[in-house]
Amino acid sequence: MWSPALIKTQEPIEALASNTVLWVKFPAEDFKKVLLNYGFADGAANDYVEMFATLDTGLLFEDIQKTKPKIEGTSIEEFAITWAAAYR
């Protein structure tokens, strides 16, 4: 786990760049147990497990890869104006 002190340095970036960080997969059941232990409702935990499973298999982005929609950016200034108007 990264500590706040590490985040202020290049250490996490250097570790990622050096390929020394291992990707560890956890079984879906274990992930759900962790979510439930953190207070997630059963339905919400199921949704998160499903979402990450679709990320892992590539299914989540399958349509984007097939259709290749044009994605246009929004500047932070445009977002701030829209967000502020919605919450006034």
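The values are calculated or read from the model by the stated rules, or taken from the named source; none is laboratory data. Keep in mind the model is a prediction, meaning the values are calculated, not measured. So basically every Cβ, Gly included, is an ideal-geometry build from the backbone, and we count neighbours across all protein chains shown.
Scanning segment 38-72 for residues that are touching a residue at least 12 places away in the same chain (Cβ under 8 Å) and either under 20 Å from V24 (Cβ atoms) or in a loop (DSSP other than H, G, I, E, B) (or both) yields A45, Y48, V49, F52, A53, D56. Summed over segment 9-35, the residues that are among the β-branched types (V, I, T), in a helix (DSSP H, G or I) and either on the phi > 0 side of the Ramachandran plot or modelled with pLDDT of 75 or more (or both) give a count of 1.
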